[in-house]
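The values are calculated or read from the model by the stated rules, or taken from the named source; none is laboratory data. Since the model is a prediction, treat every value here as computed from it, not as a measurement. Here the Cβ positions follow ideal geometry from the backbone for every residue, glycine too, while neighbour counts run over all protein chains shown. Ligands, DNA and RNA are excluded from the accessible area calculation, which covers all protein heavy atoms including side chains. Shrake-Rupley method; radii C 1.70, N 1.55, O 1.52, S 1.80 Å.
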Protein chains: 2
Amino acid sequence: MMPGVRFGDPSVDPAVPSALRDHFCDRFSDSIEQRIGHAYDGTPLRSGRPLGVLRPASVEDVVRLVGLASDLGFSIVPRGAGTGLSGGSIPDPRSVVLVMSGWNRILEIDEENLCAWVQPGVVTADLHRAVEARGLFYPPDPGSMNVCTIGGNVAENSGGLRGLKYGVTKDYVLGLEAVLATGEVYRGGGKSVKDVAGYNLVDLLVGSEGTLGVITRVLVRLVPRPETSATLLALYPSVAVAARTVTAILSARIVPATLEFLDRTTLRCVEAYARLGLPGDAGALLLIEVDGRAAVVAEDAARIEAICSASGATHVIRAADEVEALRLKTARRAAFASLARLSPTTILEDATVPRSALPEMVAAVERIAAKHDLVIGNFGHAGDGNLHPTCCIDGRDPDQVARAHRAFEEIFRTALDLGGTITGEHGVGLSKKAYLPDAIGAGGMRWTRALKRALDPAGILNPGKIFDPDPSDHRERAPFAEETVPACERGFS
Amino acid sequence: MMPGVRFGDPSVDPAVPSALRDHFCDRFSDSIEQRIGHAYDGTPLRSGRPLGVLRPASVEDVVRLVGLASDLGFSIVPRGAGTGLSGGSIPDPRSVVLVMSGWNRILEIDEENLCAWVQPGVVTADLHRAVEARGLFYPPDPGSMNVCTIGGNVAENSGGLRGLKYGVTKDYVLGLEAVLATGEVYRGGGKSVKDVAGYNLVDLLVGSEGTLGVITRVLVRLVPRPETSATLLALYPSVAVAARTVTAILSARIVPATLEFLDRTTLRCVEAYARLGLPGDAGALLLIEVDGRAAVVAEDAARIEAICSASGATHVIRAADEVEALRLKTARRAAFASLARLSPTTILEDATVPRSALPEMVAAVERIAAKHDLVIGNFGHAGDGNLHPTCCIDGRDPDQVARAHRAFEEIFRTALDLGGTITGEHGVGLSKKAYLPDAIGAGGMRWTRALKRALDPAGILNPGKIFDPDPSDHRERAPFAEETVPACERGFS
C-alpha cells in the first residue's frame with residue numbers, strides 16, 4: 001500500500017513541502033495559519049492538519065499535483081467551501097488540501113440547450129441567481145447553498161429542500177471534467193441530453209466524495225424557472241399526525257417542491273430564536289411549497305390547505321405574499337442555527353427512510369434520545385423521508401460524546417431496519433464509514449474497494465474517506481473519538 | 001485472457017453443454033432450434049449462435065451459471081426480449097444466452113412511496129398499464145415498449161419519446177438486484193429517494209449492457225399520472241424551418257413531453273404506408289405532445305399552436321380527441337415500419353447532438369446519403385437532439401453494406417464534431433464499439449477497461465460488447481462485416 005494511504009501517519013518527508021514550493025511557488029503554503037485554517041470542515045469534533053494547502057491556477061496545476069503525490073507519496077484532499085457535514089474534506093498530516101473555491105466563474109449559460117458550464121468553485125446560490133435572471137432554474141438547494149460550491153455539491157451528490165419534486169445534484173449533471181488519480185484529464189457527458197456511449201462514468205464520479213477524481217468543470221442541466229410558487233405552514237400536535245398530511249398530499253397526486261417538517265424540540269428552539277409567534281404547544285410543523293404555473297399553484301395550494309385541516313392540523317397559514325413566505329420559510333431555514341444555540345457542539349445527521357416510515361423513525365429517534373439522556377432535535381425533508389436528527393452536546397465532555405455516538409449508532413441501525421439508509425445527502429466521509437458495510441453489505445464493500453483499487457491504485461485521492469483502505473471490513477468502533485481537537489482550536493469546530 | 005473472452009471462437013468443449021444439462025435439466029437447451037432462435041436480436045446483419053440457452057428458474061440458477069462459466073470458461077449473454085438495435089444481446093459460439101423474459105411479474109406497486117419492484121422480464125408497456133390503473137406513471141417509453149422488457153431497458157438505459165420532459169430509464173431506477181461476475185448477489189438502492197451511501201453502483205449497472213451484472217430485480221420510481229394531454233402535428237417546408245419551432249417552444253419555457261420530427265423521406269414512406277392524408281410536398285413534420293394538469297395543457301397547446309404557425313408551419317393540426325391524437329401519433333410510431341418496407345435490410349441508428357445542432361445534423365445526413373447514393377430516412381426526438389437516421393439497403397449486397405458502413409462512420413463523426421454522441425439510447429453493443437474511443441477518448445477507454453477488469457476479471461459477462469477486451473485501442477475497421485449471415489438464415493435478420 002502507498003504511504004499516502006496510511007491515514008493519520010504523522011511523518012512527512014520535509015522534501016515534500018519544498019518540492020511543492022518549487023513547483024507551485026506561492027500557490028502552495030504550509031504556514032501554520034493555512035494548515036490550521038484548513039484542518040476543519042462543517043463536521044464537529046473532527047480535524048486534521050494537512051502538510052500544506054494548494055490553490056491551483058489551472059488544470060495543469062492539478063495534474064502536476066497528482067503526479068507529485070504519486071511520486072512523493074502524499075495524498076490529496078480536494079475541498080470546495082468546506083461546508084461538508086461528514087468530514088469528507090478533513091485532511092490528514094500526509095495530505096495536501098486542494099482548494100478549488102477560487103475557481104468561481106460561470107463559464108457559459110446555454111439557453112437553447114438548457115445547460116451551463118461552471119467552474120467547481122461557483123457558489124450554488126450564485127448559480128441560482130445567474131440562471132433565474134434568464135428565466136431558468138437550477139433546483140438543487142442544499143442548506144448551505146449561500147456558501148457551498150457546485151464542485152462540493154457534485155462530489156457529495158448534495159440534496160436540498162426541493163428534492164421531492166426536482167431530485168438531487170446527480171439529476172442535474174450533464175457532463176464534467178475531472179483529473180483522475182492517474183493524472184489523466186477525463187471529460188465525460190456533454191450537451192446531448194441523451195448519451196449512452198459506454199459506462200456511466202459521470203454518475204460514478206458524482207457522489208464519489210473526492211476519492212475517484214478532482215472535479216475541474218461541471219456542465220449542469222437547467223429547467224425553466226417556475227412561474228410562481230405558494231408557501232404554506234401547518235402545525236400539528238405530533239409528527240405522527242403531520243405525517244398523515246404528507247401521505248394525503250402524495251395520495252392526491254400532488255408533488256410539492258418542498259415538504260419539510262420540524263419536531264417539537266426544534267420548534268421550541270426556533271421560536272425562542274426567531275420569535276415567529278408559533279404556539280408553544282405545537283408538536284410538529286410542516287412547511288409546504290408548491291411551484292409551477294400560476295393556475296396549478298393556486299389550485300394545489302387550496303387543495304393542500306384543505307388536506308392539512310382534514311388531516312389534523314391545528315393551524316394552517318398560507319403566505320399572502322413573498323415577504324410572508326420568506327417569514328414562514330425562516331422557521332425551517334433557522335432550524336439548525338436555533339438548535340446550535342443550545343450547546344457548544346451540534347451534530348447534524350441525515351438518516352433517511354422510505355417516506356412511509358417517517359413517523360416510526362421520528363418516534364424511534366425520540367426514544368433513543370431519552371434513553372441516552374440527550375437533546376436530539378429532529379427536522380428535515382418529510383417528503384423524502386430524509387431526517388436531520390440534530391444532537392446538542394458539549395464536545396469537550398467525553399461522556400456526552402460517547403452517548404451521542406451510541407445514540408447515532410442506534411439511529412442509523414433503525415434507519416437501515418426500516419429499509420432506509422445511513423445518509424441521504426451528506427455523504428459518508430469519515431463520520432459514517434463505520435456504518436457503510438451495514439448499509440451496502442459485504443458484496444457492495446468488495447465492489448466499492450475493487451473500483452477504488454482500479455481507478456486509484458496508489459490511494460492518492462482523499463484516502464480514508466467513505467471506507468478504510470484496509471481491505472478487511474473491520475468495523476471502526478469510535479468514529480467520533482478518532483481524533484481529538486486541541487483546546488486551542490475548539491473555536492474552529 | 002479467458003477463453004470466454006475470445007469473440008467468435010468456434011471451439012466449444014463438449015463437456016460444457018453436458019455439465020449445463022446436468023445442472024439445469026430442461027431449463028438448458030442446446031437444440032439447433034434454440035441456438036438459431038437466439039442467434040439474433042433487433043440488429044440487422046448480425047448474428048452468432050450460442051452454445052446453448054438457459055431459462056433460469058431462480059436467482060440461484062443465475063449464480064450457478066456464473067460459477068460454471070468461471071469454472072468451464074464459457075461466457076454469458078443476458079437477454080430480455082432481444083429488441084436491442086446495437087447487437088448487445090447477440091451471442092458468440094462460446095456463450096450461453098441467459099433468457100430473462102420469463103421473469104415477468106410485477107412484484108409490488110408501492111403507492112405511498114411512489115415506486116414498484118418488478119422482475120426484469122416485465123414488458124415495459126405492461127408496467128405502464130399496471131401503474132396507470134393506479135393513477136401513477138412510468139415515463140420511459142422506448143419505441144419497442146410493447147415488446148421490450150424492463151431488464152433490457154435498464155441494461156441499455158433506454159430512452160423513448162417522453163425523454164425531453166421526463167428523462168430516461170436511469171432517472172427511474174431507485175434500486176436493483178443483480179448477480180455480479182463474482183457470483184455475488186448485489187442489492188443496491190432502495191425506497192429512500194435520497195441515498196448517498198457509497199459509490200453510485202446502481203447507476204453504474206444501468207446502461208452497462210449486461211457486461212457488469214445480470215439484473216434480476218428492479219425498483220422503479222413512479223410519478224403521478226398526468227391529468228391530461230394534448231397532441232399537435234405541424235408540417236414544414238424543411239427540417240431547418242421545423243427546428244425554429246423547437247427552439248421557440250423551449251425559449252417560451254414550455255417543455256413538451258414529446259417533441260418528435262420526421263424528415264421528407266420518412267414522411268413520404270409513412271404516407272405511402274399509413275395513408276394519413278399528409279400533403280405530399282411536406283419537407284418535415286413535428287409531433288408535439290404536452291401533458292400535465294388540464295389548465296396548463298390547454299394553455300400550452302394554444303401557445304404551441306401559435307408558435308408553430310409563427311415559425312413557418314404550413315399546416316398545424318391539434319387533435320380534438322384521443323382517437324385523433326392516436327391517429328396523429330401513428331405518423332411517428334409508423335416511421336420505422338414504413339421505411340422498413342423499402343428494402344430487405346433497415347439499419348436504424350441513433351446519432352445524437354445538442355438540440356441546437358439538429359438542423360445542421362439533419363442537413364449533414366442528407367449530404368452523406370446523397371454522397372454514398374443511399375436512402376437514409378431521418379426521424380426522432382427533436383427535443384433531445386436524438387436522431388434516428390435509418391438506412392434502407394439490401395444486406396445481401398456487399399457493396400451496399402460497405403457504403404452504408406462508410407455513411408454511418410461519417411454520420412457518427414459529424415455528430416461528435418457537433419458536440420454530440422454516437423448513441424443516445426440504443427447502446428454501443430457490437431454496432432458502435434469501433435466508434436467508442438472517438439466518443440469517450442483514450443482516457444475514458446482506459447477507465448472503462450479498468451472498471452471491467454476490476455468487476456469481471458474473467459470476462460464472463462457479455463464479452464466483446466461496448467469494447468473489445470483487447471486493451472489496445474485498436475480501431476476495428478469493418479463492424480458490419482465482422483460476421484456474415486449464412487444464406488439459410490437471412491430471413492431472421
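When Cβ neighbours within 10 Å are restricted to other protein chains, what is their mean count per residue of peptide A:199-210?
Working: counts 19, 10, 7, 2, 8, 7, 2, 4, 7, 3, 3, 0.
For this peptide, the per-residue mean of nearby foreign Cβ atoms is 6.
Comparing each chain alone with all protein chains together (probe 1.4 Å, DNA, RNA and ligands left out), the residues of segment A:442-460 losing at least 50 Å² of accessible area are A:W447, A:L451, A:L455. Put a plus charge on the Cβ of each Lys and Arg, a minus charge on the Cβ of each Asp and Glu, and nothing anywhere else: the dipole of segment A:228-336 about its Cα centre is then about 200 debye. For a paramagnetic label modelled on B:V375 (point 7 Å from Cα along Cα→Cβ), amide N atoms under 18 Å away belong, within segment B:392-423, to B:392-405, B:407-408. Candidates B:G121, B:G82, B:P224 compared by Cα position along the dipole of chain B: farthest toward the positive end lies B:P224, with charges placed on Cβ.
Annotation for B:A130, label-to-label distances across the other copies: 4.5 nm (shortest first, one decimal, point 7 Å from Cα along Cα→Cβ). In this structure, A:V323 and B:R303 have a Cβ-Cβ separation that, at R0 = 30 Å, corresponds to a calculated FRET efficiency of about 0.45. When only Cα pairs below 8 angstrom with a gap of at least 6 residues are kept, chain A shows a relative contact order of 17 percent.
Peptide B:424-437 has a mean shielding of 2, counted as Cβ atoms of other protein chains within 10 Å of each residue's Cβ. Other residues within the sphere of radius under 10 Å centred on the Cβ of B:C115, judged by their own Cβ, net out at -2 (K and R +1, D and E -1).
If a spin label sat at a point 7 angstrom from the Cα of A:A294 along the line to its beta carbon, the backbone N atoms of segment A:313-331 nearer than 17 Å would be those of A:320-322. With angles folded into 0 to 90 degrees, how steeply does helix B:436-455 sit against the dominant principal axis of chain B? Use alpha carbons for both and round to 10. Tilt relative to chain B: about 40 degrees.
A point 7 Å from Cα along Cα→Cβ stands in for B:R341, and the other copies hold the same point at 7.6 nm, listed in rising order. Solvent exposure of chain A amounts to 34 Å² per residue of accessible area, where only protein heavy atoms count and the probe is 1.4 Å. Computed over chain A, the per-residue total of -39500 (n - 2.57) for DSSP H runs of n ≥ 4 gives a 222 nm mean residue ellipticity of -10500 deg cm²/dmol, rounded to 500. For segment A:185-271, the Cβ-based charge dipole about the Cα centre amounts to some 240 debye (Lys, Arg positive; Asp, Glu negative; other atoms uncharged). Each residue of the protein assembly as shown gets 156 Å³ once the volume of the Cα convex hull is shared out per residue.
Round to a whole number: what % of the accessible area of the protein assembly as shown belongs to carbon and sulfur, probe 1.4 Å? Walk me through the numbers before you get to the answer.
Details: 17370 of 33250 Å².
About 52 percent, which is the carbon plus sulfur part of the accessible surface.
Total buried accessible area between B and A, probe 1.4 Å, nearest 100: 6500 Å².
The mean sequence distance of close C-alpha pairs (under 8 Å, at least 6 residues apart), as a share of the length of segment B:194-318, puts its relative contact order at 38 percent. Which one of B:L136, B:S47, B:L387 is farthest out on the positive end of the charge dipole of chain B, using unit charges on Cβ (Lys, Arg +1; Asp, Glu -1) and the Cα centre as origin? Going by the Cα projections, it comes out as B:L387. Put the Cα centre of segment A:16-77 next to the Cα centre of segment A:202-253 and the gap is 34 Å. Report, in degrees rounded to the nearest 10, the 0 to 90 angle that the Cα long axis of helix B:15-24 makes with the longest principal axis of chain B. Taking the Cα atoms of chain B, the angle to B:15-24 is about 70 degrees. Mean per-residue shielding of peptide A:347-359 is 3, counting Cβ atoms of other chains within 10 Å of each Cβ. Relative to the longest principal axis of the Cα atoms of chain B, the long axis of helix B:264-274 makes an angle of roughly 80 degrees. Only Lys, Arg, Asp and Glu carry charge here, each on its Cβ (+1 for the first two, -1 for the last two); on that basis the protein assembly as shown has a dipole of about 280 debye about its Cα centre. Put simply, the convex hull of the Cα atoms in segment A:302-384 casts, on average, a shadow of 7.2 nm². Straight-line cross-link reach from B:K432 at under 23 Å between alpha-carbon atoms covers these lysines, not counting any fewer than eight positions away in the same chain: A:K191, A:K194, B:K170, B:K371, B:K452, B:K465. Between the beta carbons of A:C25 and A:E112, assuming R0 = 35 Å, the FRET efficiency works out to 0.25 to the nearest 0.05. Short to long, the 10 Å bins of the Cα pair-distance histogram for segment A:60-210 hold 11, 39, 36, 13, 2 percent of all pairs. The smallest convex shape that holds all Cα atoms of segment A:270-311, its convex hull, gives 95 Å³ per residue. Rg and Dmax of segment A:342-426, both derived from C-alpha coordinates alone, stand at 12.1, 38 Å. Near the amide H of A:H315, within less than 5 Å, lie the amide hydrogens of A:L235, all on another chain or at least 5 residues away, with H placed in the peptide plane.
A dipole drawn for the protein assembly as shown from +1 and -1 charges on Cβ atoms has a positive end, and of A:P398, B:V185, A:S309 the residue lying farthest that way is A:S309. Using alpha-carbon positions, what is the distance between the centroids of segment B:271-324 and segment A:395-463, in Å? When both Cα centres are located, 53 Å separates them.
Multiplying the residue separation of B:D399 and B:A442 by 0.36 nm and subtracting their alpha-carbon distance yields 12.3 nm. With the label put 7 angstrom out from Cα along the Cα-to-Cβ vector, B:P237 ends up 7.3 nm from the copy partners, going from closest to farthest.
Quick one: check the C-alpha center-to-center distance for segment A:347-361 versus segment A:142-157, whole angstrom. Answer, in whole Å: 22.
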